[in-house]
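What follows is calculated from the coordinates using simple rules that are stated; it is not laboratory data. Because the structure is predicted, anything quoted here is derived from the model rather than measured. Neighbour counts run over all protein chains shown; Cβ positions are idealised from the backbone, glycine included.
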Amino acid sequence: MSVPVYYDGQTQQFHLQAGQCSYVMQLYKGAYLVHRYFGRSLSNVSINQPLITVDRAFSPNPDPADEHFSLDTVPLEYPVFGSSDFRLPAIEAEFDDGSSILDLRYVRHRILPGKPQLIGLPATYVEREEEAQTVEIDLQDAPTGLVVTLRYTAFAHHGVIARSVSVANHGVQNIRLKRVLSAVCDFPSESYHLIHLPGAHAREREMSIIPVGRTAQFLESRRGASSHQQNPFFALATPFTTEDYGDVFAFSLVYSGNFLMGVDTEQFGTVRAMAGINPFGFGWLLRPSETFHAPEALLGYSQQGLGAMSRDFHRLFRKRLVRGAFRDQVRPVLINNWEATYFHFDQDTLLELGQSASLLGIELFVLDDGWFGHRDDDRSSLGDWKVDIRKLPEGLSALEKALREQNMQFGIWVEPEMVSPDSELYRTHPDWCLHVGERTRSTGRHQLVLDFSRSDVCEAILDQLTRLLQSAPIRYVKWDMNRHMTEVGSKGWPIDQQREIGHRYILGLYYVLEELTRRFPAVLFESCSGGGGRFDPGMLYYMPQVWTSDNTDAIGRLSIQFGTSLLYPSITMGAHVSAVPNHQVGRITPVDTRGLVAMMGNLGYEMDVRQLTDLDREKVSAQILLYKEIRQLVLFGDLYRLRHPHTQRDAAWMYVSEDRDEAFVTYVRILAVANSPMDRLILRGLEPQTEYHAKLLVYDVSYEIPDSMLDVTARGDELMAVGLMIPHLHGDFRACAWKIVSQPVS
Ligand code: DGJ
């Protein structure tokens, strides 16, 4: 096959070839869109063997003349309920006669070059038409005129299919949509493991693996945000899948609000996988001639385990999800004053911090929470984005100027989706927050959520932020969001559209972000939600990096960053070195370990660097120098996870440059072990025949390391089979690293 999307008119099969994977659908009886295959690449354009259907008891037949055919027993692309399939549907709608039955049948399809844009929603994209092809398939429910358009894009160079769905009302009655999932995929058997990323605040995205059982297993958010608690991602993997081995099917939803993802296993053992907006609390009134657009779902396939899956998604997200000037740029090393000062600072303190940071080689100063209104704690002022002259009497532009003189760029924290009851904004517009009539307005961190489903609220916030960003040369914005939604209702919408508010909020947020990033293309935006509470592909479309977690403990960060790296590339992760004892968990770790762990993403410091001892100051300067040397590799290279921290013993990972000429390897021993074995670290991703030099960077050892370990010269195949000797690290939470470069051929 020479094109990513092929339609065989003879067999009525659609064959999508994305990278090394094939996805095949077929029109059954010329009407029903059935799923035929998803997995490793097939060379033939069509699957030769026909779809076999058998008569099953209690599975009704939509065509009374064919007792072998039931929608209940065939794999489907966009299943409906009420017309013979009893499994969970992709779509549910309610009509004027009170019925909810749907019967979607094929009408037409179009094959398009490239990838059309999604209206008002974040999505992956192409820059040249040759990068992908798209097929749009229209299915119709004839009695009501409801038309579903399924869109599938196959990327030529990624093993990923992008799916999205539009639902149009071509009839004459109002339709109430109750469920519109973005993707459903029926798998032929239940012999998979489900991998997902559950967590909590400060403990986000810890990888969990559970066998798929004979029941429904869902991950979801009902919090109004994608959440710390579950991430809109899961994978189905064959048992015994490792980093390098096994078939993996990954599902990622490009969405930042309530979602539903997971699997449902039916009576015959087939598994229906699904992803989309959470139907819980959702509804949408679709009037005649209107169209509803569901967010994009990405379906990826790897036949070489989790590592290859991650690297494929990393490349796709880095190159064709993230946008703007910073997509291809290394990010500045930053200092953030949050854990250094919390709310208690003045201009002198900030400038002293800036001065110390600048001498260490730090490039950007981020002024966190507490610079506006009269915010001395978290009880006030959200919504009043005007500088607090008690703390900063000369304002932001004077602070920026002074920092610039110290050779530092300036960045600022905002939380624009929120309002404090104690604020000018709330006193002026008490109905601008999400609320339901006279019901109690529950607060979280003493704040309410602004009603971004309303365009007047969105425009007002946009104006405020525009004025703020014009008030000084602000080069970076940390956009925070510190509570989840309750009393989800809006004064801006009629009663019969109140179930739309959760989704309309996200559309409003996307609109504000689109507009703001268009107005300020030179600003680097970092998204945050109490750390990584909204670490999802939807936010990455607008803001190219995320504050990964409020947990800055190096050991806690290992599992958070490993879990995050399952889907998200290093360049999207903010990672900071903080003080010890760590403020979240009280652990004391060496500064070298804190540095090496934070080098797994965009390096920053979040501590009072004025307090560093001379020795630590030297070490921090050296680690910033090292990071500047390797950040191109970390941010744009391929990640190989070598040892998972969930063993509680150690963790190791490496980055390899695209040309495989350079690599950087990090090893962290969690707890010290007496008389530990002579352990070797097996590397990955190198060129087998190339000779490399590996330089060991080791800190704080209480014995001499032989020269033969400090400098190793060996071929890639040796490093990937024999491996590198790991030095005996003395003490808990110790780390070392290797800088690896290919040797010129003599
Ligand atoms: C939560 C963030 O995750 C922290 O980094 C910090 O910005 C605080 N909010 C400030 O309130």
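By the compact-protein rule of thumb, 2.2 N^0.38 Å, the alpha-carbon radius of gyration of segment 334-547 corresponds to a ratio of 1.03.
The alpha carbon gyration tensor of segment 271-334 gives principal lengths a ≥ b ≥ c with a/c of 1.5 or higher and a/b no greater than b/c, which makes the shape oblate.
Full extension of the chain between ARG40 and ILE209 yields a length gain of 58.6 nm, computed as 0.36 nm times the residue separation minus the alpha carbon distance. Over all other residues within a Cβ to Cβ distance under 10 Å of ARG445, the charged ones net out to 0, with Lys and Arg as +1 and Asp and Glu as -1. Angle of helix 455-470 to the longest C-alpha principal axis of the chain, folded into 0 to 90 degrees and rounded to 10: 30°.
Other residues lying with their Cβ under 14 Å from the Cβ of ILE726 contribute a combined charge of +3, Lys and Arg counting +1, Asp and Glu -1. Across segment 643-743, the volume of the C-alpha convex hull divided among the residues equals 90 Å³ per residue. Fewest-first ordering of PHE345, PHE365, PHE280 by other beta carbons within 10 Å of each residue's beta carbon gives PHE280, PHE345, PHE365.
Two decimals is fine: what is log10 I(q)/I(0) at q = 0.11, 0.17, 0.18, 0.22 Å⁻¹ for segment 586-690, from a Debye sum with one equal scatterer on every Cα and no solvent? So the normalised log intensities work out to -0.42, -0.93, -1.01, -1.26.
By the scheme Lys and Arg +1, Asp and Glu -1, what is the net charge of all other residues having a beta-carbon under 9 Å from that of ARG272?
Values: positive: ARG87; negative: ASP186, ASP264, GLU266.
For residues surrounding ARG272, the net value is -2.
In terms of its C-alpha gyration tensor, segment 518-656 comes out rounded, because the ratio a/c of the largest to the smallest axis stays below 1.5.
About its Cα centre, the dipole of segment 334-547 is roughly 320 debye, where the only charges are +1 on Lys and Arg Cβ and -1 on Asp and Glu Cβ. Global size of segment 301-442: 20.3, 60 Å for Rg and Dmax (C-alpha atoms, Rg to one decimal, Dmax whole). Among THR466, THR517, a tally of other beta-carbon atoms within 10 Å of each Cβ gives an order, fewest to most, of THR466, THR517. Counted by neighbouring Cβ atoms within 10 Å, the residues CYS528, CYS433 run from fewest to most as CYS433, CYS528. Longest stretch of the chain clear of exposed loop sites (GluC sites (Glu not before Pro), DSSP loop, at most 14 other Cβ atoms within 10 Å, sites excluded): 439-657. Residues whose amide H falls under 5 Å from that of MET418, counting only those 5 or more places apart or on a different chain, are LEU450, with hydrogens built in the peptide plane.
The relative contact order of the chain comes to 10 percent, based on Cα pairs under 8 Å that sit 6 or more residues apart. Whole angstrom only: what separates the Cα centroid of segment 287-304 from the Cα centroid of segment 392-428? Between the Cα centre of segment 287-304 and that of segment 392-428, the gap is 38 Å. Averaging 1/r over each pair of different alpha-carbon atoms in segment 79-320 and inverting the result gives 18.6 Å, the Kirkwood hydrodynamic radius.
To one decimal place, what Kirkwood hydrodynamic radius in Å is obtained for the chain from all pairs of distinct Cα atoms? Mind showing how you got there, number by number?
Numbers: mean 1/r = 0.0366 Å⁻¹.
With all distinct Cα pairs of the chain included, I get 27.3 Å.
When only alpha carbons are used to place a centre, segment 86-158 and segment 638-701 end up 44 Å from one another. I'd like the orientation of helix 614-636 relative to the chain: the angle between its Cα long axis and the longest Cα principal axis, in ° from 0 to 90, rounded to 10. Long axis of 614-636 versus the principal axis of the chain: about 30 degrees.
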